[in-house]
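Participant: Sharing a structure, written as structure tokens. Questions coming.
The values are calculated or read from the model by the stated rules, or taken from the named source; none is laboratory data. All figures in this text were calculated on a predicted structure; none of them were measured in a lab. Ideal geometry is used to build each Cβ from the backbone, glycine not excepted, and the neighbour counts take in all protein chains shown.
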């Protein structure tokens, strides 16, 4: 008996093909933003005596959450940290390996995952369309406050400093982080206008 092949009306692609393409795109975006964080570490860092260095890599955390959304943004940070744990020198200053996860920066790095998710949740809230206000608020809440809330206690525990001392020392990050939040907002809104497809889940 002759087998009948079902055709797709209007030349539309089968649902399985569309889903497969969407997954492939998501994986590609996740990898791209993990690579972006690595690239932002190439200029190096500004070392602070006994403290966590100032680095541009948190700009990548903000952008990952703002552009990719909560889930994919967090996954891009998990991928990046997994590569660092495997020994790749992707952190600013060429650092990598399991040792960095027991140092003063450990809390901040783990917070990148949560921070990217928070940025994504704020930027995609409401209508799901990014706005200037949501982009900046998301970068501040996720890319700054979330990182401080998780990172400062861990830094204090590792260095033996009090929470108050660590918090005061961390104020050195504030001007640079605010500048990064502004840059991330500008890039996010520019990308939304030029290539909104990157924001599709």
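Participant: Would you check which residues across region 177-201 are modelled with pLDDT under 95 and in contact with a helix residue (DSSP H, G or I) (Cβ under 9 Å, 6 or more places away or on another chain) and list them?
Facilitator: Correct list: 197, 198, 199, 200, 201.
Participant: I'd like to know if region 53-64 contains one or more residues that are outside any helix (DSSP H, G or I), touching a residue at least 60 places away in the same chain (Cβ under 8 Å) and within 30 Å of residue 131 (Cβ to Cβ).
Facilitator: We begin by selecting, within region 53-64, every residue outside any helix (DSSP H, G or I); these are 53-56.
With the extra rule that they be touching a residue at least 60 places away in the same chain (Cβ under 8 Å), the set shrinks to 54, 56.
Narrowing further to those that are within 30 Å of residue 131 (Cβ to Cβ): 54, 56.
Checked region 53-64: at least one residue is outside any helix (DSSP H, G or I), touching a residue at least 60 places away in the same chain (Cβ under 8 Å) and within 30 Å of residue 131 (Cβ to Cβ).
Participant: State which residue pairs qualify: first residue without any contact (Cβ under 8 Å) to a residue 12 or more places away in the chain and inside region 98-125, second residue buried (at least 19 other Cβ atoms within 10 Å of the Cβ) in any location, beta carbons under 8 Å apart, and separation of 6 or more residues or different chains.
Facilitator: 125/134
Participant: Among the residues of region 71-99, which ones are surrounded by 22 or more Cβ atoms within 10 Å (Cβ to Cβ) and assigned to a strand (DSSP E or B)?
Facilitator: 91
Participant: Do we find a residue being at pLDDT below 95 and farther than 19 Å from residue 150 by Cα anywhere in region 71-89?
Facilitator: So far as region 71-89 goes, no, none of its residues is at pLDDT below 95 and farther than 19 Å from residue 150 by Cα.
Participant: A further question follows. Please determine whether any residue of region 61-70 is surrounded by 17 or more Cβ atoms within 10 Å (Cβ to Cβ), closer than 30 Å to residue 162 by Cα and under 11 Å from the mean Cα position of the chain (by Cα).
Facilitator: yes
Participant: Continuing with this model, one more query. Across region 48-60, what is the total count of residues that are buried (at least 23 other Cβ atoms within 10 Å of the Cβ) and modelled with pLDDT of 95 or more?
Facilitator: Total satisfying the criteria: 3.
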